[in-house]
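Worksheet: the structure to be examined is printed underneath.
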Amino acid sequence: MADPTPTSSSNAAAPPLPKLPKLLPGQKALVTGANSGIGKAVVLAMAEAGADVAVNYVVGDDPAQEVVAAAQAFGVKAKAYKADVSDEGQVKAMYAAMVADFGTIDVLVANAGLQRDAAIDDMTLAQWNTVIQVNLTGQFLCAREAIREFKRRGINPAVSRSAGKIICMSSVHQQIPWAGHVNYASSKGGILMLMQSLAQECAPHRIRINSIAPGAIRTPINTAAWDTPAAYDKLMGLVPYGRIGEPDDIGHVAVWLASDHSDYVVGATLFVDGGMTLYPGFATNG
Ligand code: BGC
């Protein structure tokens, strides 16, 4: 039998995904960490699907305005909101401004996240705290404000079957331990229980909370893992599907999870990882 493994020496971008249908007409979405990477792709996919979008960011006014303009090109409303998701006052102010501008919120994509990598004996408390505060506490603060608004408004059947949706951006590292990144892996492990516990608590209010767990996606957070042929080949040893993920791979899944097409999906983690969590080392071992 011919070896089915395609060559992994090319890190050329995968062709764009098919056009998205209008799955989110009339919905108002807030995406955090949305001026680059996965967050930007989620904004553009939601806009293509017909949602109005609030673009949260903390550093980088110009890139945020570019994302807003690209979203508006799909004919939807879009606006940028500068706020640090780990700061309670800034999060509350962002929600107040967004609800004033958009009327309400139907979808939160809690995406903002960062890495501060170090071996454990070199890891500072500041590196630990920054990652936990942004990646985990930031999701708590943003989810709490969204849930308060979902409960205040209730279900609007003209917009959605549910009273609101939250998508937590997790990682394969909610499951795969990651040496040299204990702060990041701990934050993502925390997101698993944050998401599931919130999903259990809020489901009776018809609020759906789920996670996406991306694998290696071509974004600025992990450039070193894919920007040279040698790094890319090494990475491909971890990805059975034989290509790096593109940001729109995550954006399209987020649209589906935010839409009523996934109305009975509650408390789930969707791994979007090209099979990274399939323990590829065991394909030829064990
Ligand atoms: C990390 C990336 C990494 C990927 C797979 C993501 O959550 O942010 O840096 O490449 O997981 O290991």
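Toward the positive end of the charge dipole of region 108-184, about the Cα centre and with charges on Cβ (Lys, Arg +1; Asp, Glu -1), which of N156, A143, Q127 goes farthest? Ranked along the dipole, the leading option is N156.
Run the numbers for A96 and A230: contour at 0.36 nm per residue of separation, minus the present Cα-Cα distance, in nm. Write out the running numbers ahead of the final one.
Numbers: separation 134, 0.36 × 134 = 48.24 nm, distance 4.74 nm.
My answer for the length gained is 43.5 nm.
FRET efficiency for the K77 to A179 pair, using the beta carbon distance and R₀ = 45 Å, is estimated at 0.55. The stretch between A13 and R152 holds 45.7 nm of extra length on full extension. This uses 0.36 nm per residue minus the Cα-Cα distance. The angle between the Cα long axis of helix 247-258 and the main principal axis of the chain comes to about 40°, on a 0 to 90 degree scale.
Considering the options V68, S86, C202, tell which one lies farthest towards the positive end of the dipole of region 28-282, charges being +1 on Lys and Arg and -1 on Asp and Glu at the Cβ, about the Cα centre. Highest projection toward the positive end goes to C202.
Diagonalise the Cα gyration tensor of region 29-180 and give the resulting equivalent ellipsoid semi-axes, square root of 5 times each eigenvalue, largest first, whole Å. Numbers along the way, then the final one.
Working: eigenvalues 154, 60, 43 Å².
Output for region 29-180: semi-axes of 28, 17, 15 Å.
Cα centroids of region 61-79 and region 91-128: 20 Å apart.
Per residue, the accessible area of region 28-282 comes to 42 Å² when a 1.4 Å probe rolls over the protein heavy atoms. How much of the accessible area of region 157-245, probe 1.4 Å, is carbon plus sulfur, in whole percent? Its accessible area is 60 percent carbon and sulfur atoms. Rounded to two decimals, the Cα-based Rg/Rh of region 28-282, with Kirkwood Rh, is 0.96. DSSP beta bridges confined to region 29-154 are antiparallel in about 0 percent of cases.
Only Cα pairs under 8 Å and 6+ residues apart enter the sum, and on that basis the relative contact order of the chain stands at 21 percent. The C-alpha atoms of the chain define a longest principal axis, and helix 88-102 lies at about 60 degrees to it.
Determine, for each peptide in 139-145, 262-268, 194-200, 227-233, the mean count of other beta carbons within 10 angstrom over its residues, then list the peptides with the highest first.
Details: 139-145: 21.9, 262-268: 15.0, 194-200: 18.1, 227-233: 13.1.
Going from most to least packed, we get 139-145, 194-200, 262-268, 227-233.
For region 31-81, with all protein chains present and a 1.4 Å probe, just round the carbon and sulfur fraction of the accessible area to a whole percent. If you can, show how the numbers build up before the last one.
Working: 930 of 1760 Å².
Using a 1.4 Å probe with all protein chains present, region 31-81 comes out at 53 percent carbon and sulfur.
For E201 and T104, what is the calculated FRET efficiency with R₀ set at 25 Å and r taken between the beta-carbons, to the nearest 0.05? For E201 and T104, the calculated efficiency is 0.75.
Which Cα, out of L30, Y57, H261, lies furthest along the positive dipole direction of the chain (beta carbon charges, K/R +1, D/E -1)? It is H261. Put a plus charge on the Cβ of each Lys and Arg, a minus charge on the Cβ of each Asp and Glu, and nothing anywhere else: the dipole of region 84-198 about its Cα centre is then about 620 debye.
To the nearest 20 Debye, how big is the dipole of the chain about its Cα centre, given +1 on the beta carbon of each Lys and Arg and -1 on that of each Asp and Glu?
Values: 22 positive and 25 negative charges, 188 e Å.
The calculation lands at about 900 debye.
Compared with the dominant principal axis of the Cα atoms in the chain, helix 138-153 is inclined by about 30°.
The values are calculated or read from the model by the stated rules, or taken from the named source; none is laboratory data. Just so you know, these numbers come straight off a predicted model, no measurement behind them. Every residue, glycine among them, receives a Cβ derived from its backbone with ideal geometry; neighbour counts consider all protein chains shown. Just so you know, the surface numbers come from the protein's heavy atoms only, side chains and all, with ligands and any DNA or RNA stripped out. Shrake-Rupley method; radii C 1.70, N 1.55, O 1.52, S 1.80 Å.
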